[in-house]
1. Consider VAL343 carefully, then state whether it is assigned to a helix (DSSP H, G or I), assigned by the TED database to the domain that holds HIS450, among the hydrophobic types (A, V, I, L, M, F, W, C) and in contact with a strand residue (DSSP E or B) (Cβ under 6 Å, 6 or more places away or on another chain).
2. In the set TYR510, TYR484, which member is touching a Phe, Trp or Tyr at 6+ places or on another chain (Cβ under 8 Å) and not assigned by the TED database to the domain that holds CYS308?
3. Give region 352-379 a look and list any residue that's of a type in the set (A, V, I, L, M) and either in contact with a Cys (Cβ under 7 Å, 6 or more places away or on another chain) or open to solvent by 10 Å² or more (accessible area, probe 1.4 Å) (or both), or say none.
4. Checking the condition modelled with pLDDT of 95 or more, open to solvent by less than 50 Å² (accessible area, probe 1.4 Å) and not hydroxyl-bearing (Ser, Thr, Tyr), which residue from ASP435, ASP391 passes?
5. Looking at region 500-535, which of its residues are polar (S, T, N, Q) and either open to solvent by less than 20 Å² (accessible area, probe 1.4 Å) or in a helix (DSSP H, G or I) (or both)?
6. Could you check LEU157 against (1) at negative phi; (2) at pLDDT 95 or above and say which number it fails?
7. Scan region 160-205 for residues that are assigned to a loop (DSSP other than H, G, I, E, B), crowded, with 20+ Cβ neighbours inside 10 Å and not small (Gly, Ala, Ser) and report the count.
8. Which residue pairs have Cβ atoms closer than 8 Å, lie 6 or more positions apart in sequence or on different chains, and pair a first residue in region 233-254 that is in a loop (DSSP other than H, G, I, E, B) with a second residue that is open to solvent by less than 10 Å² (accessible area, probe 1.4 Å) and among the hydroxyl-bearing types (Ser, Thr, Tyr)?
Amino acid sequence: MVPRLAPRCPVRPFPWQVACSAGAFVRQSTCVGASRTPVWGRLHGVQGTTPLVRRGSSSTSSQAPGVALTCERYPVRRLPFSSVSEDDLATFERIIPGRVITDPEELAASNVDWLRTMRGCSKVLLKPRTSEEVSHILRYCHERNLAVNTQGGNTGLVGGSVPVFDEIILSTALMNQVISFHNVSGILVCQAGCILEELSRYVEERGFIMPLDLGAKGSCHIGGNLATNAGGLRFLRYGSLRGTVLGLEVVLADGTVLNCLTSLRKDNTGYDLKQLFIGSEGTLGVITAVSILCPPKPGAVNVAFLGCPGFAEVLQTFSTCKRMLGEILSAYEFMDAECMQLVGHHLRLARPVQESPFYVLVETSGSRAEHDAEKLSSFLEHVLGCGLVTDGTLATDQRKIKTLWALRERITEALSRDGYVYKYDLSLPVDRLYDLVTDLRARLGPRARHVVGYGHLGDGNLHLNVTAEAFSAALLGELEPYVYQWTAGQRGSVSAEHGVGFKKQSVLGYSKPPEALRLMQQLKALLDPRGLLNP
């Protein structure tokens, strides 16, 4: 048993796109090498069927039943890239012998995204082991005008990790070696295909932790984490990957190897080029290796799971956390009552506290158990005593900590079992974080099965999810562009941590001014003028 405690107007970012249907856009034909290259190279589309497996477990079924081809489901048009020929396959076989996959059964899973909303029709999957092999592949593809889709663990939620048409899939799965680790500085240098959970185990054995933790850690690759600038559960304590990544090795579209794999904490010699590739989702280059700063492993970790009577109390409890827990506060997650009901109903996870309108998970990480316990005890007495929290439970051992974290980490899985899911990943001012959930419940009424809100309150990141019996164009019309307009009205972001991918390219104008979008287009045209990477 876990011990109980007492009681703005959007700007269309790409003028060469035209609306086709609700939530979908088609790219008008453009010449290879044209200067008007899309920022992300992806096309926006509505969401499709819901996931059937947990992120972090095995990916999609090899047969991908019920997932329509993206190029048939959405009105998208293939750009005039070359098609893979037998001569191309022979060349790839010479570059990476034995690692050119053309078997349709093996290709099936790599063609389908984790949410099972997108399916490409790639005929070839390449598995390089080194940056030199990636360089040879991209140089050849550049000469032959062959489009390439880079794929890591394929755990993305916006359709950016799978082909739209028949692009070559370049997998980083075999680029999974640790290059070096410094036991004093905690600097890890590794290849991009290393799985996050395996890296976590590796550095923990040496007294450190990864600065990033995700629900999909069992499958996601560190290169993919960087390419999407993943946030995750440790963002509050350790910040963005933009701060913890020290260097990158990247292969550009023409095969040039950009080796900026420095391990220096300070380097003011010109532009910080690695920042161009963090969050670029494989559209500017292929990340092949990373140098990242790992913090020391905490000596004591505690997790409190608390019930709050309202969202105002959730906010006040967070303020109290920051004031009373200070440097040991490592995570502050919130979820509403409907999230807890879904986790209980679909996954049979027991609610550890009495029923409440809201729940928060507070994690502390420090160096001394006695010091942390004293601070945490004082905090809990205060929030319980003044009514900010009505009930709570505390875990100090690893098994019980995992049990409490599962209530938060498995919400996505519970939602996937509730029907069709419309997913939104938004950054908003913390004091307005939940207002959109309340607004949508009133707006949608019985047309939605559930409207739930949860996420990283400490980061201002709301995961808004709407479930329904099945996909409905009418319901989508009520959600979009309303959700994006509402977010823009709060000067928020339409993508907090999931990225842009296929699904959000057309809504970037809600969060970025036209000048920023034009500059992104110019950078894409400079580094990948033929638009070969993630087209």
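The values are calculated or read from the model by the stated rules, or taken from the named source; none is laboratory data. Everything numeric in this text was worked out from a predicted model, so none of it was measured. Cβ coordinates were reconstructed from backbone atoms using ideal geometry, including for glycine residues, and neighbour counts include every protein chain displayed. To get the accessible areas, we keep the full protein, side chains included, count just its heavy atoms, and leave off ligands, DNA and RNA. Shrake-Rupley method; radii C 1.70, N 1.55, O 1.52, S 1.80 Å.
1. For VAL343, the condition - assigned to a helix (DSSP H, G or I), assigned by the TED database to the domain that holds HIS450, among the hydrophobic types (A, V, I, L, M, F, W, C) and in contact with a strand residue (DSSP E or B) (Cβ under 6 Å, 6 or more places away or on another chain) - is not met.
2. Working: TYR484 fails: not assigned by the TED database to the domain that holds CYS308.
Every option except TYR510 fails the conditions.
3. Matches in region 352-379: VAL360, VAL362, ALA369, ALA373.
4. Exactly one of ASP435, ASP391 is modelled with pLDDT of 95 or more, open to solvent by less than 50 Å² (accessible area, probe 1.4 Å) and not hydroxyl-bearing (Ser, Thr, Tyr), namely ASP391.
5. Hits for region 500-535 are GLN505, SER506, GLN521, GLN522, ASN534.
6. (2)
7. Going residue by residue through region 160-205, those that are assigned to a loop (DSSP other than H, G, I, E, B) are 160-167, 172-177, 182-186, 192-194, 205.
Still in the list and also crowded, with 20+ Cβ neighbours inside 10 Å: 160-164, 166-167, 172, 175, 192-194.
Add one more test, that the residue is not small (Gly, Ala, Ser), and what stays is 162-164, 166-167, 172, 175, 194.
Looking only at that region, the number is 8.
8. Listed pairs, sorted by first residue: ARG234/SER330.
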